[in-house]
Amino acid sequence: MYEQNHLAQQLRRASVGAEDAPFLLNPVSGQTTTYGMFFDRAEQMAKALVDLGVRPGDRIAVQAPKTQAMVELYVGVVLAGAVFLPLNTGYTATELAYFLGDATPRVLVCDPDRVEDLSPVADASGVAAVLTLGPDEGGSLVQARDAQTPGFDAVARGADDLAAILYTSGTTGRSKGAMLTHEALASNARTLTEYWQFRADDVLIHALPIFHTHGLFVALNITMVAGGACIFMAGFDAAAVVAQMPRASVLMGVPTFYVRLLEQPGLADAARDMRLFVSGSAPLLAETHAQWQAVTGHAILERYGMTETNMNTSNPYAGERRPGTVGFALPGVEVIVTEAETGAPLPEGEIGVLEVRGPNVFAGYWRMPDKTAAELRENGFFITGDLGRVDADGYVHIVGRQKDLIISGGYNIYPKEIEGLIDDLPGVVESAVIGVPHPDFGEAVVAVVVGATGQPVTQDAIMAGLRDDLARFKQPKAVFVVDELPRNTMGKVQKNILRDRHAALFA
Ligand code: MCA
Ligand code: AMP
């Protein structure tokens, strides 16, 4: 089935002949969507898109609530040979304007509540059609789907054709669209399915958002490749996740999930018969790993990935899952440590920049050949910007980041973007945005602002100035107004001093 479409064929293979096998389980309504039902609807989605004039290679931008229909749309886009472009639901219209202008999608799919807000932005970017998907599995795209019958000849797409573009920021501020091919997604899903021993009888608790690699590709693609089922939750609610554990076998989460779950009564009993707990997207504290093992008896399996590369390394399924490490390079993936200035490989044990090569690595940044050339070497290695080392047993340790990046609750936040907005506010001379330790989110955003003499700026004014332009999760959790920023002799702002100064803010 779908033989001529590289990714779709691999997402479908395990469920051919198992049409009645469960795929998406709705924990609220109790309804089950079988594989047969799901792919019928994905085909109807594909037909609806083609009717709208969608052609191979067209981008379909989606900023919509997490629903089954959005998963059908993802697979429908792949079947139609188009390019899926999911966007964080927290982004404001100002943020959307940039993505739409850069990606020039043919279609925008959004929440019905946001049509008014986003239509002018879509028009300005030449988007041909705005459709909706609502939180209740309704919307104009669902109507368009239901007007179609199942049965669709998947559009021919090869290993190197694009399946998705996911935006990710760089140190230079503006977001870049990481171009992900059919084979980058398919190869990673195959590898992880095998490495983590996913099977058709697995039931994954799915509580992650589906606009990022973790919830979209890692969780959903693996489940489909294995022919397993997902308890598909609209969002993360610690009590609800614990309640689902007795009927589930696997949980995938960011460290914040595990920190919050540890506070839940009944966790130990509920988790007893689970098979696997996976953590990623941000560093899992060794302390959280130890607490989890003490309470549940399970060792969390930590892995490391990026939007540009899908998953790169993983702790072993069968061997020792070493806390504070991200395990070994996955089969078929090479991880090396290089010297930051020269790019020369470093001897074992030394700290340097992690570089990654393999079929999982992206095809470059959308319409940004210079940025692609700067980060993707001609020999195929991608320069991650993460600092790490490989120990004598081959475990990869991430020890820091070369890039100025904050990871809060698993979301990446680029200080430069926030500093740019703050610096444009009245009465601001300059600012430095830093991440400080936070017990729930891992890191929290803090802004340190220098005000102009005679023109006092306040925390409230800064927050009010950011409100409409910046997604809530990126907004500072604290603002400090100071006379000057610490600088080194070269005049560079010493963020490490600011981080030390505010390290205990949320302790
Ligand atoms: C919500 N808030 C946040 C975050 N989430 N602030 C900072 N960082 C966050 N991550 C804000 C809300 O806007 C709200 O602010 C306040 O915090 C409290 O919200 P709350 O209801 O507690 O939050 P939540 O809805 O429970 O969300 C927390 C969450 C969520 C469940 C941890 O952030 C989440 O699902 N994170 C997962 C992100 C993820 O999937 N990352 C994978 C990226 P206010 O009250 O002011 O409005 S893929 C990736 O990184 C790579 C490829 C990889 O390796 O996986
Ligand atoms: P993203 O840009 O959302 O793809 O995030 C990728 C970044 O998340 C990586 O470059 C790392 O800095 C970080 N990351 C992902 N997984 C882990 C992990 N297990 N431990 C530490 N950092 C991680």
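Things to note:
- Enumerated strands (runs of 3 or more DSSP E) restricted to segment 123-233, each holding at least 1 residues that are at pLDDT 95 or above and within 16 Å of ligand 2 (Cβ to nearest atom): 162-169, 175-181
- Condition met for Ala240 (in contact (Cβ under 8 Å) with a residue 24 or more places away in the chain, open to solvent by 20 Å² or more (accessible area, probe 1.4 Å) and in contact with a helix residue (DSSP H, G or I) (Cβ under 9 Å, 6 or more places away or on another chain)): no
- Pro283 vs. criteria within 29 Å of Met306 (Cα to Cα), open to solvent by 10 Å² or more (accessible area, probe 1.4 Å) and modelled with pLDDT of 95 or more: yes
- Qualifying residue in segment 87-95 (condition: touching a helix residue (DSSP H, G or I) at 6+ places or on another chain (Cβ under 7 Å) and closer than 20 Å to Thr168 by Cβ): yes
- Of the strands (runs of 3 or more DSSP E) lying entirely inside segment 255-328, the ones with 1 or more residues being within 15 Å of ligand 1 (Cβ to nearest atom) and on the phi > 0 side of the Ramachandran plot are found at 310-314.
- Unique match (being in contact (Cβ under 8 Å) with a residue 60 or more places away in the chain and farther than 24 Å from Thr213 by Cα) among Pro150, Pro135, Pro86, Pro112: Pro150
- Only residues that are touching a Leu at 6+ places or on another chain (Cβ under 9 Å), open to solvent by 20 Å² or more (accessible area, probe 1.4 Å) and closer than 23 Å to Arg377 by Cβ were counted across segment 299-350, and they come to 5.
- Every condition in (1) at pLDDT below 95; (2) away from ligand 2 (no atom under 16 Å from the Cβ); (3) at negative phi holds for Ile462 except the one numbered (1).
- Index of the failed condition, Val353 passing every other in (1) free of Cβ contacts under 8 Å to residues at least 12 places away in the same chain; (2) touching a Ser or Thr at 6+ places or on another chain (Cβ under 8 Å); (3) open to solvent by less than 30 Å² (accessible area, probe 1.4 Å): (1)
- Residue count, segment 253-292 (criterion: closer than 21 Å to Gly388 by Cβ and away from ligand 2 (no atom under 13 Å from the Cβ)): 1
- Residue within segment 61-73 that is over 23 Å from the mean Cα position of the chain (by Cα) and touching a residue at least 60 places away in the same chain (Cβ under 8 Å) present: no
The values are calculated or read from the model by the stated rules, or taken from the named source; none is laboratory data. The structure presented is a predicted model; accordingly, all values stated were derived computationally and were not measured. Don't worry about glycine lacking a Cβ; one is built from the backbone with ideal geometry, like all the others, and counts go over all protein chains shown. Only protein heavy atoms, including side chains, enter the accessible area calculation; ligands, DNA and RNA are left aside. Shrake-Rupley method; radii C 1.70, N 1.55, O 1.52, S 1.80 Å.
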